[in-house]
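Heads up: the structure comes next, in structure tokens.
The values are calculated or read from the model by the stated rules, or taken from the named source; none is laboratory data. Bear in mind that the values here come from a model prediction, so they are computed numbers and not experimental data. Glycine also receives a Cβ, built like all others from the backbone with ideal geometry; neighbour counts cover every protein chain displayed. Heads up: the accessible areas ignore ligands, DNA and RNA and are worked out on the full protein's heavy atoms, side chains in. Shrake-Rupley method; radii C 1.70, N 1.55, O 1.52, S 1.80 Å.
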Amino acid sequence: MSSSTDSPTLTTETTQLSPQPDTETAKPTKKITLKSSDNQIFEVEESVAMEFATVKSFFEDSPSTDTVPLPNVTAKPLSQVIEFCKEQIKFKANPDEAQKKKYNAEFVTEKSDKDLVDMIPVANYLEIKDLLDVLNQAVADRIENKSVEYVRSFFGIDNDFTAEEEAALRREHAWAYEGVDED
Amino acid sequence: MASPERKGQTFLQISRKRLKRQCHSSYHHLDRVTTSFTQADRSDDLPDDVLDMIFSFLPIRNAVQIGVLSTRFKNSWNFSRRLDFDDDFARGRSPEDFKSVVNKVFDRHEGSSILRFRLCFDPDREELLVEKWIRKSIEKGVEELDLEFYQNGNVFQGRWPFKLNSEVYEAESLKILKLNMCQLDLPPKVERPSKGFTETFRVRNLVYDLYPIQVLTTTSTFLEGLSPKFIGGKLREMQFFFGNLKEFHLIMEGAIYCNPYDIISFLKHCPGLEKIFIDLNDFCFVRGPYWELHNRQSFQKYSLSFDSLKFIKASRI
């Protein structure tokens, strides 16, 4: 993990680098306050907040607001999402595909299953497409080649098939089950 | 860009609208959008649409397997973004069986996005079908196309490599192209009508710029297809340009005519190369009369510089 996510010099730079061509009204302040559902306050650079399409459109509609309430988002996944977006801003300023790939890979590798899964609805809700792609792929990689039972318990899914229905489905797509050891 | 009719809506309503709109773009299949997001202290109740989205990142075979999770997910595989029908899948399967599975997956595919299409197949007499699959994957924004064609029975019984048509080199989403026994069918410029343009414009327009492709893996047949050809009695160079190619991996397999001149004629169209890999296999360069007459001098005259080149690796397995 990068240790420089909170570097004050860098955040100043990124603020200047953030162009806001579609904002017609007066520029909002440089810091934006996000409030999680468990009432934690996050002060983030405007450029980072604008990575969240949902927050961006909120500001376009109500530019005078100073605190954005995020009723569906709790503090922990939000802080991780913010950490990711801060890094992406750096890559926007200095494109380096190899470094970005490396960072993205490290970002997901060090997270627990639960952390990853908890971030997905947040990234979906805030519409951060790059992060969503990274997270979805990371979770998919973790369940790839795992048994159906494993995936059920991973996501807490209840099996509502009858034994006959399940057998019929397996027969219909027999090609996909060849050579698979069940559980 | 505050639109008046949106004033007065709550943040949540706006977000929900945006989510709906999003379903029609990249996460097209989220048509059962709910805003009941997971409570963060429990990660075991993700909504079905979010789960469908995660499952779409599984390779197709896995995506079909998880159809038995529960009735809600039995069709999740229709949204798979990773259509891998590679040699693992081909092994021990009859061509008929192979064909019908791949065709069914493409016919039932509902997702708006396909990231990868891997195919390990003998395209003999199924060219139209293969073209249909490739076209569908390109329509859905495929980024990685891995076409490993082979020939059943005796290898190289005078059959031509598979000709990839213009859809492939005009696909803007394509970043990684891996081709085995394939050629790009670049028509010579006389075949392309371009009325009303001045001569200069026409010439420039006829350079095939394969800009999006960053990684290219091919067998030597591919280079043979792109090397200068006699057209109308003159030796003409094919007009193409890999403006963004970073990695080139050449596999000398079944190389009949390919020689160092063909390789260098190709490389000069790829100025941004960083890495070159050449698998020589059992290739043995024969200095035949064609080389002596046509290629040797031209080869020695080349002086190319690759400013970004970091390494070249030639290996013999």
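Just to be sure I understand: of the beta bridges DSSP finds with both ends in the range A:29-143, what percent are antiparallel, rounded to 5?
55
Accessible surface of B:K229, taken over heavy atoms with a 1.4 Å probe and every protein chain present, rounds to 70 Å².
Pairs to check: A:K86/A:K114; A:K30/B:K175; A:K102/B:K313; A:K86/B:K246; A:K101/A:K146; A:K100/B:K104. Give those whose C-alpha atoms are more than 32 Å from each other in this structure. Pairs exceeding the cut-off: A:K30/B:K175; A:K100/B:K104.
Distance between the modelled labels on B:D86 and A:D158, one decimal in nanometres: 3.8 nm (7 Å Cα→Cβ projection).
Once R0 is set to 41 Å, what does the formula 1/(1 + (r/R0)^6) return for the Cβ-Cβ distance between B:D282 and B:T71, expressed as a FRET efficiency to the nearest 0.05? It comes to 0.15. Sequence-ordered 3J(HN,Hα) estimates for the range B:211-228 from the Karplus curve with 6.51, -1.76 and 1.60 and θ = phi - 60° stand at 4, x, 6, 9, 10, 10, 10, 9, 8, 5, 4, 4, 5, 4, x, 9, 6, x Hz, glycine and proline given as x. Centre-to-centre separation between the Cα atoms of the range B:54-104 and those of the range B:268-317: 40 Å. Computed with a 1.4 Å probe over protein heavy atoms only, the accessible area of A:D130 comes to about 80 Å².
The simple spin-label model puts a point 7 Å past each Cα toward its Cβ; for B:V215 and A:E106 those points are separated by 2.1 nm. Taking amide H as placed 1.01 Å from N in the peptide plane, B:L184 has its amide H under 5 Å from the amide H of B:L164, each at least 5 places away in sequence or on another chain. A Förster radius of 30 Å, combined with the Cβ-Cβ distance separating A:E172 from B:E139, puts the computed FRET efficiency at roughly 0.65.
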